[in-house]
Amino acid sequence: LSTWTLCTIPNIENTLLEMRRVLKPGGRLHFLEHGRSPDQKVNTWQRRLTPLSKLIGGGCHLDRKIDDLLRAAGFGIQRIRNFYMSGPRVAAYMYGGVAISPA
């Protein structure tokens, strides 16, 4: 289970590879994370504000595309739901779902 964590990890690629390694084949990673918005105006502000967010927000990257990172680490996406939660849109685009470790 990962909730509002993947934005802060410095070396996200290696971390996701390790998460995949420790999950049994076919194991599920449930996630709820904020990240890069598909709205170009919001995304532009996410990229502009990420350096400040990293500095004052415990390393938080506002502009990580969580589904692409999971796929790049070898996970399959079983289910995903993207939506804006309440709050400033720059930090409110959500990725929620289940990723599967390869068999």
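The alpha-carbon atoms of region 2-103 define a convex hull whose volume equals 86 cubic angstrom per residue.
Taking all pairs of different Cα atoms in region 21-67, averaging 1/r and flipping that mean, what Kirkwood radius in angstroms comes out?
Working: mean 1/r = 0.0817 Å⁻¹.
12.2 Å is the Kirkwood radius here.
Can you work out the base-10 log of I(q)/I(0) for region 59-103 at q = 0.29 1/Å, using the Debye formula on its C-alpha atoms alone? Log10 I(q)/I(0), no solvent term: -1.06. Where the centroid of each part is defined by its Cα atoms, how far is region 66-103 from region 27-55 in Å? With region 66-103 and region 27-55 each reduced to a Cα centre, they are spaced 11 Å.
Note on residue 52 and residue 9: their simple-model spin labels are 2.8 nm apart, each label 7 Å out from Cα toward Cβ. Computed with a 1.4 Å probe over protein heavy atoms only, the accessible surface of the chain comes to 58 Å² per residue. Averaging the sequence gap over all C-alpha pairs within less than 8 Å and six or more residues apart, then dividing by the number of residues, gives the chain a relative contact order of 36 percent. Taking amide H as placed 1.01 Å from N in the peptide plane, the amide H of residue 2 sits under 5 Å from that of 30, 31, 32, each at least 5 places away or on another chain.
The values are calculated or read from the model by the stated rules, or taken from the named source; none is laboratory data. What you see is a predicted model; the values in this text were computed from it and never measured. Neighbour counts run over all protein chains shown; Cβ positions are idealised from the backbone, glycine included. For the accessible areas, the whole protein counts, side chains as well, though only heavy atoms, and no ligand, DNA or RNA atoms are used. Shrake-Rupley method; radii C 1.70, N 1.55, O 1.52, S 1.80 Å.
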